[in-house]
Amino acid sequence: MYSVLRTPYDDSNIVVVENPFKTHEEAWLFRNVLLKNPDIIGVAPKNDGSWSTMAKLNTDSTIQFHYETVDETYLPTLKIPLVLGRNFSKNFPSDSANSVLVNETFVKQAGWKNPIGQTVNFWYNNNKTYSVIGVVKDYHFQSLDKKIEPQLFTMKSDNSFGMVYIKIKPKTAASSLQAIQKSFKQLFPLSPYSYVFMNDKN
């Protein structure tokens, strides 16, 4: 059905730091500071917790799904392959307002043979409609014993980032964790700091 996959999902050596960022710009500032450290090779913001909602398809049927707020760095940081279409991109400023990604399970449940260009309508939010620009390879975003469910990704600026995924070089945990905490405390001195390795999170 889809093109040949590229790199597999990889959540090793990823430190998860939670913080209720007031704006997307705060999360991006944290990322830019962290990436000055050569032992940190990727930083991706994401919403905190598990969001779930529903939307209307262009067939007027509805679908329920896990609702993820990310940016263009999320897929490459976790090495999540796209099997069709493209990722979010800074080259397309309208992505944050008009575009979404969906996973393979979403496509199957929607019954789409050609998912790129299909639309999802958040009818309860002023009938806001988004266009599908890419299909993400199914991966276990919950624990491995749970069935993979429909997933939709947005860059919507009104949605908050509540955590960042920080990819560090292997065997640099001690120094990288120290650097991450130092940067966090400098930028957000009034916020409590905590972290967990992603492999221990689920």
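If you check 196, 164, 120 for being closer than 23 Å to residue 49 by Cβ, in a strand (DSSP E or B) and open to solvent by 20 Å² or more (accessible area, probe 1.4 Å), only one passes: 196.
Within segment 83-102, one or more residues are in contact with a helix residue (DSSP H, G or I) (Cβ under 9 Å, 6 or more places away or on another chain), farther than 16 Å from residue 131 by Cα and surrounded by 13 or more Cβ atoms within 10 Å (Cβ to Cβ). Do we have any residue at all in segment 34-45 that's in contact with a Phe, Trp or Tyr (Cβ under 6 Å, 6 or more places away or on another chain), touching a residue at least 24 places away in the same chain (Cβ under 8 Å) and not in a helix (DSSP H, G or I)? Yes, segment 34-45 contains a residue that is in contact with a Phe, Trp or Tyr (Cβ under 6 Å, 6 or more places away or on another chain), touching a residue at least 24 places away in the same chain (Cβ under 8 Å) and not in a helix (DSSP H, G or I). Reported count of residues in segment 167-193, each being of a type outside the set (Val, Ile, Thr), assigned to a loop (DSSP other than H, G, I, E, B) and either under 12 Å from residue 11 (Cα atoms) or more than 22 Å from the chain's Cα centre (by Cα) (or both), is 7. Looking only at residues of segment 138-161 that are hydrophobic (A, V, I, L, M, F, W, C) and either within 30 Å of residue 113 (Cα to Cα) or part of a strand (DSSP E or B) (or both), we find that the one that is most open to solvent (accessible area, probe 1.4 Å) is 144. For first residues located in segment 66-84 and assigned to a loop (DSSP other than H, G, I, E, B), partners that are acidic (Asp, Glu) and surrounded by fewer than 21 Cβ atoms within 10 Å (Cβ to Cβ) and lie 6+ apart or on another chain with Cβ distances below 8 Å form the pairs 79/10.
Among the residues examined, residue 56 does not qualify as surrounded by 15 or more Cβ atoms within 10 Å (Cβ to Cβ) and under 17 Å from the mean Cα position of the chain (by Cα). Is one or more of the residues making up segment 130-137 assigned to a loop (DSSP other than H, G, I, E, B) and under 17 Å from the mean Cα position of the chain (by Cα)? Scanning segment 130-137 turns up at least one residue that is assigned to a loop (DSSP other than H, G, I, E, B) and under 17 Å from the mean Cα position of the chain (by Cα).
Of the set (1) closer than 17 Å to residue 198 by Cβ; (2) among the charged types (D, E, K, R); (3) touching a residue at least 24 places away in the same chain (Cβ under 8 Å), all apply to residue 146 but (3).
The values are calculated or read from the model by the stated rules, or taken from the named source; none is laboratory data. Computed from a prediction, not measured in an experiment: that's the story for all the values here. No Cβ is skipped: glycine too gets one built from the backbone with ideal geometry, and neighbour counts run over all protein chains shown. Protein only, heavy atoms only, side chains kept; ligands, DNA and RNA dropped before computing areas. Shrake-Rupley method; radii C 1.70, N 1.55, O 1.52, S 1.80 Å.
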